[in-house]
Amino acid sequence: MKYLCLIYDNEKEWQKFPKDVQDKYMGEYMAFGDSIKKSGQYVGANQLQPSSTATVVRARNGKVSTTDGPYAETKEQLGGYYLIEAKDLNDAIQVASRIPSARSGSIEVRPIVERASA
Amino acid sequence: MEEDVAAHVRDKVDAIYRSESRRVLATLIRLLGDFDLAEEGLHDAFTAAVEQWGEKGIPANPRTWLISTGRFKAIDRLRRSEKFESADSAILDRLLATEMHEQSEEGVEDDRLRLIFTCCHPALSPDAQIALTLREVCGLTTEEVAHAFLTPAPTLAQRIVRAKGKIRDARIPYEIPSRPDLPERLDSVLHVIYLVFNEGYLASSGASLTRADLSSEAIRLGKLLMELLPEPEAMGLLALMLLHEARRRSRTTPSGEMILLEDQDRSLWDRRQIEEGVELVERALSSHRFGPYTLQAAIAAVHAEASSPSATDWAQIVGLYDVLLRAEPSPVIELNRAAAIAMRDGPEAGLALIDAILVRGDLVDYHLAHAARGDLCRRLGRVQEAISAYRRALELATQEPERRFLSRRLDELRLTSPR
């Protein structure tokens, strides 16, 4: 079964880190990524540009409205994700707990809907 | 004559339902991989028992009969179901592939633990954990759970449906947690039992002070958990509940008014429950792996073993609160420690500590903090201060017997200070 692990963290804090701390963090992410590739649980992953680059689109009654991202007020922003393959929720929680940002921010684990035809 | 047999079978089935239905359900959930299907299977199995046991006699092993009948009935239901979707056929394939083995005693008990850990999974909301545990593990009806928590039955039913939906869709596994996960997961189970007990011991709102049915349900759960998984904190929690429950009869007057610990008739305390609780505390403490529940139980044990309020070993109680506060820092524990200090060193010492907590901004909306403050001021003869503290407590209290108690205290104080 597939789970999406959404990574929420404080991007302002992250931007304030000195370069060596950022490098150390990235190193931990690389190591984590390698470990789930090795265990066969890796399906996909991406880091997102900061939430200041986000755009919200809504279509209502045929009219499209486009606004700036809504996340300025919240403390933690969606910063990236891993799509993983896990046996069950306990297995997925185990993987999510090893994502480096789990220690500073939080990880939301969402099961992916499985279609019979897939 | 035939009617007699039918009545006898019904009685027997009723008795077996009471003693076995939760075990049968726990195993059916594992075999069928689905809560709703298992509940329907359980229901069908007992219906079949009433119909068939009269004619063919009661089987040698009713539990095994019920499990295998429930499983067949569930498979039957799936086959007959009109919307025979692909998801159902997947379940069916898996069901037919798994052979039905005779259930060993140990296997059945493991299923009960699986059910407890699944219902108390931390991925479910605390409300849902409690509702699901009382419904599935204890076998209370949705109406009973709703009534106990003063929640409308449809709200509670919805909560249970959502929780089962999450178990299915997020695939919360039906398993006993592995060793590294056990402490955290056990905490979650203990917390659910503790909340159920607390709601029964000191109902958070409403007309009566206690709800005996919830407390005894929590103690039953605690005993079950102890039997299945004798971890020190499970012992500690059971001890804590027994030691509190032992004082039930002395805590309220026949008309439902609350009586403080110091005014309780100690001859009404249940000695057998106290003995059982004290023994469990000692076992938990000697493990050296105990935690907050065991420490709270140890405090309750010191109270329970004192023949009178003045004979209470307050120094030991303060010492236990010190350890508890280190294990689990919390303003409520600080407040209780302050009350114990007041008993050991005098009201002034306790009052200074309570004021320090309130100045910090903690517990300012907690009625018991103001009630405790009022009591210490009263003892010190600071009547006006006591009155305003009790008044604040009364504004914040939501439970009728507590409100009446606070009003009585206020009336007494106003008499001593006529203005």
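Laboratory data are not the source of any read-out in this text; all were calculated from the coordinates shown. Quick caveat, the model's predicted, so the values are computed rather than measured. For neighbour counting, all protein chains shown are included, and Cβ atoms are generated from backbone atoms with ideal geometry for every residue, glycine included.
Quick notes on this structure:
- Search result, residues across region B:358-377 that are closer than 14 Å to B:Tyr390 by Cβ and in contact with a Pro (Cβ under 7 Å, 6 or more places away or on another chain): B:Leu376
- Selected residue (only one of A:Pro50, A:Pro100 is without any contact (Cβ under 8 Å) to a residue 40 or more places away in the chain and within 23 Å of A:Met26 (Cβ to Cβ)): A:Pro50
- Looking only at region B:39-71, and only at residues there that are within 16 Å of B:Ala26 (Cα to Cα) and without any contact (Cβ under 8 Å) to a residue 24 or more places away in the chain, the one that is farthest from the chain's Cα centre (by Cα): B:Trp65
- Complete set of residues in region B:225-243 that are surrounded by fewer than 24 Cβ atoms within 10 Å (Cβ to Cβ) and in contact with a Lys or Arg (Cβ under 7 Å, 6 or more places away or on another chain): B:Leu228, B:Pro232
- When every residue of region B:123-139 is checked against the conditions, at least one turns out to be in contact (Cβ under 8 Å) with a residue 24 or more places away in the chain, in a loop (DSSP other than H, G, I, E, B), within 20 Å of B:Glu40 (Cβ to Cβ) and away from chain A (no Cβ under 14 Å).
- Selection within region B:175-199 - over 14 Å from B:Gly236 (Cβ atoms) and in a helix (DSSP H, G or I): B:Arg179, B:Pro180, B:Asp181, B:Leu182, B:Glu184, B:Arg185, B:Ser188, B:Val192, B:Leu195, B:Val196, B:Asn198, B:Glu199
- Only one of the listed residues (A:Val56, A:Val43) is of a type in the set (Val, Ile, Thr) and within 21 Å of A:Ile112 (Cβ to Cβ). That residue is A:Val43.
- Filtered by the rule that a residue be within 17 Å of B:Ala38 (Cβ to Cβ) and surrounded by fewer than 17 Cβ atoms within 10 Å (Cβ to Cβ), region B:147-168 gives B:Val161, B:Gly165, B:Arg168.
- Subset of region B:165-197 that is in contact (Cβ under 8 Å) with a residue 24 or more places away in the chain and among the hydroxyl-bearing types (Ser, Thr, Tyr) - its residue that is farthest from B:Phe117 (Cα to Cα): B:Tyr194
- Matching residues, region A:1-14, being touching a helix residue (DSSP H, G or I) at 6+ places or on another chain (Cβ under 9 Å) and away from chain B (no Cβ under 14 Å): A:Ile7, A:Tyr8, A:Asp9, A:Glu11, A:Trp14
- Residue tally, condition crowded, with 19+ Cβ neighbours inside 10 Å and not in a helix (DSSP H, G or I), over region B:109-122: 2
- In region A:67-78 there is no residue that is more than 15 Å from A:Ile107 (Cβ to Cβ), of a type in the set (Ser, Thr, Tyr) and in contact (Cβ under 8 Å) with a residue 24 or more places away in the chain.
- Test: residue in region B:319-335 that is in contact with a Lys or Arg (Cβ under 7 Å, 6 or more places away or on another chain), surrounded by fewer than 15 Cβ atoms within 10 Å (Cβ to Cβ), small (Gly, Ala, Ser) and not in a loop (DSSP other than H, G, I, E, B): no
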